[in-house]
Amino acid sequence: LVVSHVVVSRAEGNIVNLDKIVPSNFAKTFAQQFGKDPALVETILRESRSIVRMGDGKLITETKHGLICANAGVDKSNVPGERNVALLPKNPDESAQRIRQEIRKLIGKDVAVIVSDTHGRPLRKGEINIAIGIAGICPIRNRRGEKDLFGYVLRVKRTAIADELCSAAELVMGQANEGIPVAIIRGYSYPKAEKAKATELTRPREKDLFI
């Protein structure tokens with residue numbers, strides 16, 4: 001089950017009204033320079049652990065969760081209220097686990113749950129959906145040691161299946177007015193894991209060649 005982070009944040013009350021935000025001097029200066037909303041800039045800064053890149057009116061930040069993304073994941077799309085924005089869930093893995101447990105309680109089924117968000121990629125145009133929270137599924141399938149069609153032993157192949165499932169689900173869920181915040185994926189055999197976390201998908205900064 002893939003669930004949009006916006007609907008999770010709305011359900012958890014993780015919504016901010018920009019009229020209630022008092023911008024810092026830094027937020028005001030940045031906003032004035034690039035024609036941005038100072039309250040929105042301040043909200044992005046508050047949700048960030050650090051600023052990775054800044055320029056041309058864009059803020060690429062590291063979120064409190066360790067994700068590198070634009071605007072710290074602060075999202076206006078599909079949030080009711082002209083001045084309201086959705087923040088990322090405080091703990092997406094716990095959010096996914098709660099949804100999984102509730103499904104198990106209601107229908108007695110053990111379903112893996114992934115909370116998804118839209119992300120850009122270095123040196124690639126367009127966005128895809130990735131996993132920011134998981135429950136019941138190992139986010140990475142380790143193919144090392146397996147053989148390809150010609151008998152070559154794979155040595156580095158590790159597939160980010162949680163991200164790939166989110167991207168596949170996004171083709172159905174959409175990003176605009178589709179009104180489909182949840183997608184059910186059937187027929188995929190996935191490695192189960194009770195204690196896996198989405199942070200397993202995050203590469204340590206000291207090993208990232210893009211930063």
* Name the residue, out of Gly151, Gly174, Gly179, Gly120, that is out of contact with any Ser or Thr (no Cβ under 9 Å at 6 or more places or on another chain) and more than 24 Å from Val6 (Cβ to Cβ). => Gly151
* Asked: Is it true that some residue in the range 110-118 is under 14 Å from the mean Cα position of the chain (by Cα) and assigned to a helix (DSSP H, G or I)?
  -> no
* Those residues that are in contact (Cβ under 8 Å) with a residue 60 or more places away in the chain and among the acidic types (Asp, Glu), I need them from the range 79-93; list them, please. => Asp93
* Asked: Residues in the range 58-101 that are of a type in the set (D, E, K, R) and farther than 18 Å from Val41 by Cα: how many?
  -> 5
* Asked: Has the range 19-27 got any residue that is part of a helix (DSSP H, G or I) and buried (at least 19 other Cβ atoms within 10 Å of the Cβ)?
  -> yes
* Which number in (1) assigned to a helix (DSSP H, G or I); (2) surrounded by fewer than 18 Cβ atoms within 10 Å (Cβ to Cβ) marks the one condition that Phe30 misses? -> (2)
* Asked: Is it the case that some residue within the range 68-79 is among the charged types (D, E, K, R), over 22 Å from Asn17 (Cβ atoms), in a strand (DSSP E or B) and within 19 Å of the chain's Cα centre (by Cα)?
  -> no
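Residue by residue, here is whether (1) surrounded by fewer than 12 Cβ atoms within 10 Å (Cβ to Cβ); (2) free of Cβ contacts under 8 Å to residues at least 40 places away in the same chain holds:
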position	(1), (2)
Ile51	no, yes
Lys64	no, yes
Leu67	no, no
Arg98	no, yes
Glu102	yes, yes
Asp117	no, no
* Hey, Ala169 hits all of (1) touching a Ser or Thr at 6+ places or on another chain (Cβ under 9 Å); (2) assigned to a loop (DSSP other than H, G, I, E, B) but one; which does it fall short on? -> (2)
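Every number here is computed from the coordinates shown, using simple stated rules; none is lab data. Bear in mind the structure is a predicted one, so any value in this text is a computation, not a measurement. FYI the Cβ positions are ideal-geometry reconstructions off the backbone, even for glycines, and counts take in every protein chain you see.
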